Amino acid sequence: MTNDIATLTSLLSRIADALERAAPPATVAPDFEAADAFVWATQPSRFEPVPRVNRVDMDLLQGIDRVRDQLVENTERFARGLAANNALLWGARGMGKSSLVKAAHAHVNRSITDPAAPRLKLVEIHREDIETLPALMAHARAARHRFIVFCDDLSFDADDTSYKSLKAVLEGGIEGRPDNVIFYATSNRRHLLPRDMMENERSTAINPGEAVEEKVSLSDRFGLWLGFHKCSQDEYLAMVEGYVAHHGLPITEADWRPQALEWATTRGARSGRTAWQFVQDLAGRLGVPLKAA
């Protein structure tokens, strides 16, 4: 009898240990005081603090004055607790869409002078984790801070239904977007979905118009659409000039200008990214370290 009880006790102990190992880890409340910027990670879901954000100064973003002012104004209103819109920054590659989001976040946070006031937090979510947005929003909803949830290079391919999760979170769900959260996204596409995907829906649906409307309506969840277009030669050179001056590179315009034009020509593109890549190469050749942002 004693042996039977001992055997049963041992078995139950092993079962309890196995169940404990299989159980999900206890939820830990995120520490939003750890940083002003975070990356949303999954498996397990958590906010990874980013001590130093890879950003450029607002003054170095050339050729996008109108959209810059619109996004900064929208962000300032949101930070003050006023009505603001989700924003979609779309258009040409390398023209500073993601750089503007990060610069606007830093610019607005610098304007918060009251040490007791909650800081504006920037949370980046990767495109492949969009379906976990509800969990992210649940954490943010309970916090005292205000959050910009940011997704860079957002788009959806054929047979990808995760866009429905984004639609529900932004406006259509039963809870909707928390008052202390705003969503900013960048994309090369204005409507986030490829044209052939929409055309396929049109050709196969019972009601083609309604099917396409379902796809297009995702972009309608963004009240602020900011278009970025290819820059002119003068704008490109102004970008290079700004970087050269900011980093104090010891070179005259007469020397760097033809090099910058050749750099853009060999790459077949003029953009803020092209200008920055040229300045990085130039600084390296001159043996000058670039200033940290």
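The values are calculated or read from the model by the stated rules, or taken from the named source; none is laboratory data. Computed from a predicted model, the values in this text were never measured in an experiment. Here the Cβ positions follow ideal geometry from the backbone for every residue, glycine too, while neighbour counts run over all protein chains shown. Only protein heavy atoms, including side chains, enter the accessible area calculation; ligands, DNA and RNA are left aside. Shrake-Rupley method; radii C 1.70, N 1.55, O 1.52, S 1.80 Å.
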field: Derived scalar couplings ³J(HN,Hα) [segment 227-234; Karplus, 6.51 cos²θ - 1.76 cosθ + 1.60; whole Hz; x for Gly, Pro]
entry: x, 10, 10, 4, 8, 7, 5, 5
Alpha carbon convex hull of segment 245-293, volume per residue in cubic angstrom: 75
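Rolling a 1.4 Å sphere over the protein heavy atoms, what is the accessible area per residue of segment 220-267, to the nearest Å²?
Per-residue value: 54 Å².
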Point-to-point label distance, L286-R46, nm (Cα→Cβ direction, 7 Å offset): 4.2
query: Based on the Cβ-Cβ distance from R127 to A29, what FRET efficiency comes out when R0 is 30 Å, to the nearest 0.05?
result: 0.70
statement: Taking r as the C-beta separation of S165 and A143 and R0 as 25 Å, the FRET efficiency to the nearest 0.05 is 0.75
- line: Heavy-atom accessible area per residue of segment 47-147, all protein chains kept, 1.4 Å probe, expressed in Å², is 47
